[in-house]
Each structure stands twice: as C-alpha cells, then as structure tokens.
Amino acid sequence: MIMAEEKREEFQLEEAFGKIEALLSKLTDRNVSLEESFALYQEGVKLLKRCNEQIDHVEKQMLLIDEEGQTHEFS
Amino acid sequence: MAKNVYSVGQVNAYIKNIFIRDVVLNRIYVKGEISNCKYHTSGHIYFSLKDESGAIACVMFAGNRKGLSFQLQEGQKVIVLGGVSVYERDGRYQLYAKEIVLDGEGALYQQFAKLKRKLEEMGMFSPQYKKDIPFYSRRIGIVTAPTGAAIRDIINIAKRRNPYVQLILYPALVQGEQAAESIVKGIQVLERHGVDVMIVGRGGGSIEDLWAFNEEIVAKAIFACKTPVISAVGHETDTTIADYVADLRAPTPSAAAELAVADYRQLLGGMELFKNQLTDRMEQKILWYRQRFQNQKLLLLHASPRYKLNEKQQYAADLTDKLRQGMLRKLEERKHQVQLYAGRLEGCSPLKKLQQGYSYTETKDGKALQSISQIQAGEQMTIHVTDGKILAYVEAIEPLERNG
C-alpha cells in the first residue's frame, strides 16, 4: 500500500537524524581512517539531501474526510 | 408493670449502638432533594433530604465542609455520602454527611471511576501499549468538531509550525448522545485512510460536555487504533478516560498540535547544523591527517638513505675541512720555524763577518787557515774580504800565546 510505504519513509527521517549523529561522532574519532571519513562525510551529505527530499514543500489545505473515507476540501 | 424498665437514655444509647454496628448505615450514599437548608453560624449545615416517599434529617459538621464544593440550595438533587446515626437528645436518627455532590455529576463521576478501574485492570493504560508519536508526520488526522475553538487552534498551530503537513479532519460530534459513536467512527475512518498520527479531542466544557471521551467505546477505539493517538480534551485540569488510554495526552488541542506537528524551521535548522558539523569535522579530519602526513614525511625523510648519505657527506666534508685546516697550521708552523732559522743563520753568516772587518783566509788547497801549523813562509794563501780576494805569500810565522 502507498500509505505504508510513505509511513516507512517518514520513520527514516528520524532514523536519518540518528545516523547523522552517529557518523558525526565517528568523524571526530581519530582512529577512523581518512578514507572511511570521506565515506562517512559523503553518507552524511547524502542523508541530509534525502532528509530534505523527504520534506514535501507544498503547502497543504486541510481536507475533510467523510464516513466513506472520501476527502473533500474544507471551506 | 413489666419487670425491665429502662431510662430514655438507655433506650437511645441501645439504639445508637445498633446503628453504629451496622456496616451499611455507617457508610451510605443517599440521594434526594435538599429542603429546609440552614447554614448555622457555627459552620454546621442542617438540612433534610427528601423524595416522593419521605424525608431524612441531615447534618454536615463544619469539620466535614471540604466534602462540599458548592452552595446548597433548596430543591437541589444531591447525593450525600455519610453515616446514619442517632441524635440521642431528640431521640431521632439523622444522616451525618461527609461528602455531598450534585446528583448528575455524582453519578457520572462514579461511572467514570468504575470504568477507569475496569480499563486499568484490563491493562489498557499500560505504558507498554503506548506508541511513539512520529518524529515527522506528514498526514495528521483530527477527530473533533468542524467548528469551534479546538479545530481553529489546531489549524493555526499546525500551519505556523509546518504548513506542509496535510491535516485531515473527520468532523465529529463531540457532545450529545451520538458523540461517542461519532468519535469512534472518526478514528476508524482515519485509520483506514492512513495518517501518521491522530488528534482526538475537543475544547473545554462541563463534565457532561466532555462525557463522550469517558465512554468505553471511545477508549476501546483509541486502544485498538494502530496509528498513534494524541488525546486533547478540554483544559489542562480535565482528565478523561480517553486521556488515559491515548498514546500521548495533550493538555489542550493547541498543545496536541504542537506535539503532533514537527516545527519545520527547527527541523531545517537542525539539518543546517548537521551540515555545518559534517563539513567542520571533515575539515578538521583532513587538517589532522595533513599534519600527520607532514610529520610522517619528516620522519621518513630522516630515515631515508639519501638523508643518511647527505649526513655522511656532510661529515666527510667536515673532516676534509678539519684536515685541511690542520695541514695549513702545520705548514705555517714550519714556515715560521724556517724564518727563525734563517734569522739565526744570518747571524752566523761569514759574509757578515767580512763586512765587520774580518777576513777569511784559506790555504792554496782551499782549506780554512786557522793555525800556523797549516802553512809555511813563502807559501801562497787567499784572503777573502767583502768585495774580493787577495792572493798573498806568507812572509813570516810568529806563534802567539792567546788567553781566553
């Protein structure tokens, strides 16, 4: 179902934030190699980009839903 | 006359004892209508409770007044909690009131307490069933009245925090007989439709107004709902069954909107911060590695054969230099010595002696003439002076005694 798919993606936003936090702390670890650091950085940037994409920037009007599950514009 | 005669006091005391021992009479709820109500200056309140069938005298002592939260008025329907006992002086029984509540409210409250206990025992308020409210919801379902302050507040706050979320309202009846069913329907419709989180609630009102949120079917619908539900009923002080069973209780509809809708600017700010942190830390990392590289390079350089060779060459050059210096010094020394000798030699030069007026004489066979024994009269000799030599013949020889 489309809804389930969307829902799963939304959870990723929080997950992504958690992941970014984790790789930020890894970046400060001196035992992490430069190569790995580049990979971490790239992953972070990619995650942020995806986070941005996750946020729908279209302004929404409130919808009304009836008993049959049909939505209508709210006036 | 009968054998056993009792005093009035004894009879009253006996009856009182019976009343006191009676479990039911000691703690009893009595409902009725207030009449003959008198607030005494002592703080005690005297009144009667009556219904169609009769009346009972009641007293609420000043010490129990905290059990009454309103002004008693004639004709009010109330429920009195108290104990029935005997007033010995008048020989009559009366109800000693501890708590008085208005009848409707009292009944509702009892119903509330009963349902709360029941659902609690079923584990429906248990934290283990509470679902987390999503971090970022895109679709927010709302079950409330389409008019009124609650939906307005929710829309305003949601729009302010994040205009990009989709609000979907199920316009529900939130008070009256059909309210509970309508709310249940709304929860089910929204769940089927698919939302990330649901706000179920209404604005403030009396306990009767809020009653739908204390109905068992509403509680069960919230509990069964797989989508996280935020309850938002009335004001902060109103707590309903729906609040206990919801995944999160918001004190007001506005607060519910704050809890459901992630602040868009804050989110962007957080992402910006992440971006800067990522870049900063990467730059630091690179800097650190660059420094490390420089260090390693230096270390490697020192360990390289070229460096060692250079070092040896330098040493060899130094040695050469020292050697040359030593040699030069030796030469100088010798030169100096030669000069000294030359000086001394000069002092011994025969030429110099000649210049001082001495002369050098040699025999004809070229030997230095130093004694009269080397020559005889008539023999030739050569006398050397500064500017030439003189050939001469010996005239005579005279030995001479010289001292010193």
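Derivation of every value follows stated rules applied to the coordinates shown; laboratory data play no part. Not measured: the values here are computed from a predicted model. Ideal geometry is used to build each Cβ from the backbone, glycine not excepted, and the neighbour counts take in all protein chains shown.
At a glance:
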read-out: Shape parameters for the protein assembly as shown, alpha-carbon atoms, Rg then Dmax in Å; value: 61.8, 222
read-out: Rg to Rh, two decimals, where the stretch B:1-85 supplies the alpha carbon set and Rh follows Kirkwood; value: 1.08
read-out: The stretch B:205-303: radius of gyration and largest Cα-Cα distance (Dmax), Å; value: 27.5, 90
read-out: Environment charge at B:Tyr393 (Cβ cut-off 13 Å; Lys +1, Arg +1, Asp -1, Glu -1); value: -1
read-out: Loop-located GluC sites (Glu not before Pro) in the stretch B:264-329 whose Cβ has at most 14 other Cβ within 10 Å (DSSP); value: none
read-out: Proximal lysines to B:Lys364, defined as alpha-carbon separation beneath 29 angstrom and excluding residues fewer than eight positions away on the same chain; value: B:Lys352, B:Lys353, B:Lys389
read-out: Segments A:18-29, B:354-365 sorted - mean Cβ within 10 Å per residue, highest first; value: A:18-29, B:354-365
read-out: Folded to 0 to 90 degrees: helix B:149-161 orientation relative to chain B principal axis, Cα; value: 10
read-out: The stretch B:136-224 - Kirkwood radius from inverse mean 1/r over Cα pairs (Å); value: 13.2
read-out: Those trypsin sites (Lys or Arg not before Pro) in the stretch B:23-74 that DSSP places in a loop and that have at most 12 other beta carbons within 10 Å; value: B:Arg27
read-out: Cα convex hull of chain B, projected area averaged across orientations, nm²; value: 69.0
read-out: On Cα atoms only, tilt of B:8-21 relative to the major axis of chain B in degrees; value: 50
read-out: Euclidean distance of C-alpha centroids, the stretch B:133-205 and the stretch B:365-390, integer Å; value: 155
read-out: Stokes-Einstein D in µm²/s, Kirkwood radius over Cα pairs - the stretch B:117-171 at 10 °C with 1.306 mPa s viscosity; value: 117
read-out: For B:Ala221, net neighbour charge (Lys/Arg +1, Asp/Glu -1) across residues whose Cβ lies under 11 Å away; value: -2
read-out: Helix B:305-347 axis, angle to chain B major axis (alpha carbon atoms, nearest 10°); value: 30
read-out: Cross-link pairs B:Lys130/B:Lys185; B:Lys16/B:Lys114; B:Lys38/B:Lys114 - those with Cα-Cα distance over 31 Å; value: B:Lys16/B:Lys114; B:Lys38/B:Lys114
read-out: Surrounding net charge for B:Met327, when Lys and Arg each add one and Asp and Glu each subtract one, Cβ distance under 14 Å; value: +3
read-out: Subset of B:Lys159/B:Lys226; B:Lys118/B:Lys159; B:Lys159/B:Lys220; B:Lys297/B:Lys322 violating a 29 Å alpha-carbon distance limit; value: B:Lys118/B:Lys159; B:Lys159/B:Lys220; B:Lys297/B:Lys322
